[in-house]
Amino acid sequence: MVKKCICGTCIVIEDSKALLLWHKKLNVWLPPGGHTKDNETPQETAVRETLEETGFHVRIINAESVELITDSNTKEMPKPIAIMYEGVRYEIGAHEHFDMVYLAELDGNESSSVADHEKTELRWFREEEISSLDTFNNVKEVLQRAFTLAKAGN
Ligand SMILES: [Zn+2]
């Protein structure tokens, strides 16, 4: 059995641009994200990883424009825009990601500094640039979906 990990990823869209990182080992642009830690929800993971990797504080947006259900002990969580099952071979030991991909926006304007070991190239891309981006086709498709949902939400 291949090890399976729950992951959280943020597609941050602000001013009609998506925030992506250059992945040095894979040589592709990817949205920020990573593995959940103990006692962390995938949403919390996605927000924490985005802060660590980009320095930006972000807030997850529900992919559907509905009121989330809440009562005393239970609350509905924002829906991911995609749940991707990804085979991973570049990290130590092959494993699989069960990756919750969320739509997010900047939470305030302040950004923190990024730790040296996390430093990588960071860029905001317009929707028109996605089709010619150096990345996987599935990432382009999810980015396209994120742009469409972000526009519908405004
Ligand atoms: Zn992994």
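Quick notes on this structure:
- Residue satisfying condition, being within 18 Å of ILE13 (Cα to Cα), touching a strand residue (DSSP E or B) at 6+ places or on another chain (Cβ under 9 Å) and assigned to a strand (DSSP E or B), within set GLU96, GLU110: GLU110
- Residue match in segment 45-57 (condition: of a type in the set (A, V, I, L, M), under 22 Å from LEU122 (Cα atoms), part of a helix (DSSP H, G or I) and touching a Ser or Thr at 6+ places or on another chain (Cβ under 7 Å)): yes
- Residue in segment 75-88 that is part of a strand (DSSP E or B) and more than 16 Å from the ligand (Cβ to nearest atom) present: yes
- The set of residues from segment 88-124 being more than 19 Å from ALA18 (Cα to Cα), under 17 Å from the mean Cα position of the chain (by Cα) and at pLDDT 90 or above comprises GLU96, HIS97, PHE98.
- Restricting attention to segment 33-57, the residues that are within 16 Å of the ligand (Cβ to nearest atom) and under 15 Å from ILE83 (Cα atoms) total 7.
- Residue check, ASP107 without any contact (Cβ under 8 Å) to a residue 12 or more places away in the chain and away from the ligand (no atom under 14 Å from the Cβ): no
- Restricting ILE13, ILE6, ILE60 to those that are modelled with pLDDT of 95 or more, within 16 Å of the ligand (Cβ to nearest atom), of a type in the set (A, V, I, L, M, F, W, C) and not in a loop (DSSP other than H, G, I, E, B) reduces the list to ILE6.
The values are calculated or read from the model by the stated rules, or taken from the named source; none is laboratory data. For clarity, every value in this text was computed on a predicted model and none was experimentally measured. Neighbour counts are summed over all protein chains in view; Cβ atoms, including those assigned to glycine, are modelled from backbone coordinates with ideal geometry.
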